[in-house]
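Student: Sharing a structure, written as structure tokens. Questions coming.
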Amino acid sequence: MTALPDCFCPTDGTRVPAGSLAWCCPVCRGPLDLDFAPTPAPLASLTGRVNSMWRYAECLPLSTPTVSLGEGRTPLFPLREGVLAKLDFLMPTLSFKDRGAVMLAELALRLGPRRVIADSSGNAGTAVAAYCARAGLPCDVYVPEGTSAKKLEQIEAHGAKPRVVEGDREATARTAREAADEDGVFYASHVFNPYFLHGTKTYVHEVWEDLGGRLPDVLVLPVGNGTLLLGAALAVAELHTAGLIDRRPALHAVQAAAVAPLARAWSEGADDLVGVTPTAPTFAEGIAIPHPPRARAVLSAVRASGGAFLTVTEDQIRHAQADLGGRGLYVESTGAACWAAIREGALGTREAVVPLCGAGLKSGRAQT
Ligand SMILES: [Zn+2]
């Protein structure tokens, strides 16, 4: 078993030693990063390894996993010439969040907390619940009132306890963070805990492997809290630093126009959120995050890659979901947002990979 790396605060440099249950920077209360810069294995050496995301062992901050459910290695599927979809809804709990949740449960198992808590409006909570079940850890999932009955049922099926909080998603997050400050609690936060990002990055390692050791011109990624995009940026940096790719792909971030605080900051040339952005209801509930804590990191990663922000209307999301359904791919409306952003030709002839990252059965069809 390898030693755990330390965490540090990207804003003020405060270090948090490995093995701590601290879930945020003790100085500024911001999210933490991991002091971990691994070197990926060359393509040829991956042959014959375990057929899950754990085949990228050199790049993962935890080794010899005991809670794996076989997550990862999802297929690429052509949507049209030059556009490939990565079918991340084919995961144990039907969303890409399993890539990060397995890391959090594995970490929790090693730290031995009294209990695990998570907060989520959906997929992250169901993923953490499943992996805590696999780990044999008691888990409470804080959810906002109005959370879909299907997701509550999924959380309960894994033996976790849903705790419904009155008010909006922000109220749920506040309640969870108060609970996270109690002694002996591991906060399995997909937003604050950097191990989550070192799980989601395997999405890009898989694309790289499946394209024969290269990446496309553009990676199109949905952004609410930005956990898939920030993971992608980590993987691109690892592959580039190791000389395993010649050039970095552009990261194009997709938000629903109805809740687009990052796209707004981008359009104003800002390096952080700008004021309070008005919001409206959206089919893309999974990326409807008005105040993402890692906003600065997301904006910086998109800028450094030469990418951009794209926004999609509710009509575009609805039509994209229907279009995918008509091809045999039933994804949740949030998961259709990336295809919605580029299917009308926003990227020209550049080669792109888009994630279809959550199953349609989780939230149903977008209908007006
Ligand atoms: Zn700090």
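No lab work stands behind these numbers, since they all come straight from the coordinates. Since this is a predicted model, take the numbers as computed values, not measurements. All Cβ positions, glycine included, derive from the backbone under ideal geometry; neighbour counts span all protein chains shown.
Student: Put +1 on the Cβ of every Lys and Arg and -1 on every Asp and Glu Cβ in the range 260-368; which of Gly348, Phe309, Gly286 then has its Cα farthest towards the positive end of the dipole?
Tutor: Looking along the dipole axis, the top candidate is Gly286.
Student: Give the peptides 82-93, 249-260 in descending order of average Cβ contacts within 10 Å, highest first. Numbers along the way, then the final one.
Tutor: Values: 82-93: 21.3, 249-260: 24.4.
Ranked by mean Cβ neighbours within 10 Å, highest first: 249-260, 82-93.
Student: log₁₀ I(q)/I(0) of the chain at q = 0.11, 0.12, 0.14 Å⁻¹, via Debye over equal Cα point scatterers, no solvent, to two decimals?
Tutor: -0.69, -0.84, -1.20
Student: Name the residue, out of Ala295, Ala105, Ala129, whose mean-square fluctuation peaks in a Gaussian network model built on the chain with Cα pairs under 10 Å.
Tutor: For the chain, modelled as a Gaussian network with Cα springs under 10 Å, the answer is Ala295.
Student: If you don't mind, there's one more thing I want to ask. Quick one: order Cys28, Cys59 by neighbouring beta-carbon count within 10 Å, fewest to most.
Tutor: Working: Cys28 11, Cys59 22.
Going from least to most buried by this count: Cys28, Cys59.
Student: Let me ask something else about it. Choose one answer from Arg29, Arg296, Arg163: the residue with the largest mean-square fluctuation in a GNM of the chain with alpha-carbon springs under 10 Å.
Tutor: The residue with the greatest mean-square fluctuation here is Arg29.
Student: How large is the convex hull of the C-alpha atoms of the range 39-153 per residue, in Å³?
Tutor: Working: hull volume 15.4 nm³, N = 115.
Dividing the Cα hull volume of the range 39-153 by its residue count gives 134 Å³.
Student: Under a Cβ-only charge scheme (Lys and Arg +1, Asp and Glu -1), can you give me the dipole magnitude of the range 98-189 about the Cα centre, in debye to the nearest 20?
Tutor: Approximately 320 debye in magnitude.
Student: Express in % the proportion of alpha carbon pairs of the range 98-189 at distances exceeding 17 Å. Let's see the in-between values first.
Tutor: On the way: 1674 of 4186 pairs.
Tail fraction, whole percent: 40.
Student: Arranged from highest to lowest average of other beta-carbon atoms within 10 Å per residue, in what order do the peptides 132-142, 61-71 appear? Can you show the working numbers first?
Tutor: Values: 132-142: 21.3, 61-71: 17.9.
Output ranking for 132-142, 61-71: 132-142, 61-71.
Student: Of Ala135, Ser148, Ala160, which is farthest on the positive side of the dipole of the range 98-189, counting Cα position, with +1 on Lys and Arg Cβ, -1 on Asp and Glu Cβ, and the Cα centre as origin?
Tutor: Final value for the positive-end residue is Ala135.
Student: Count the net charge of all other residues whose Cβ sits under 11 Å from the Cβ of Phe8, scoring Lys and Arg as +1 and Asp and Glu as -1.
Tutor: Details: positive: Arg15; negative: Asp6, Asp12, Asp33, Asp35.
Net local charge, Phe8 excluded: -3.
Student: Where does the charge balance sit around Gly184 when Lys and Arg score +1, Asp and Glu -1, over other residues with C-beta under 15 Å from its C-beta?
Tutor: On the way: positive: Arg110, Arg114, Arg115; negative: Asp140, Glu178, Asp181, Glu182, Asp183.
Overall, the nearby charge balance is -2.
Student: What whole-number distance in Å separates the alpha-carbon centres of the range 327-368 and the range 165-238?
Tutor: Result: 19 Å between the Cα centres.
Student: Sticking with this structure for a sec: So, counting K/R as plus one and D/E as minus one, what does the shell of residues with Cβ under 14 Å around Ile317 add up to?
Tutor: Numbers: positive: Arg318, Arg343, Arg365; negative: Glu285, Glu314, Asp315, Asp323, Glu332, Glu344.
So the environment of Ile317 carries a net charge of -3.
Student: Report the antiparallel proportion of the DSSP beta bridges in the chain as a percent, rounded to a multiple of 5. Intermediate results must be reported in sequence, preceding the final value.
Tutor: Working: 10 of 38 bridges.
DSSP beta bridges in the chain are roughly 25 percent antiparallel.
Student: Normalising by the residue count of the chain, find the relative contact order in percent from Cα pairs under 8 Å and 6+ residues apart.
Tutor: Details: 772 pairs, mean separation 60.6, N = 368.
In percent, rounded to a whole number, it is 16.
Student: Do the sum for the chain: with -39,500 (n - 2.57) for every DSSP H run of n ≥ 4, divided by all residues, what is the mean residue ellipticity at 222 nm, to the nearest 500 deg cm²/dmol? Walk me through the numbers on the way to the answer.
Tutor: Working: 11 runs with 115 residues, N = 368.
Calculated mean residue ellipticity at 222 nm is -9500 deg cm²/dmol.
Student: Another question, then. Pick from Asn225, Asn193, Asn51 the residue whose mean-square fluctuation is largest in a GNM of the chain, springs joining Cα atoms under 10 Å.
Tutor: Result: Asn51 has the largest fluctuation of those listed.
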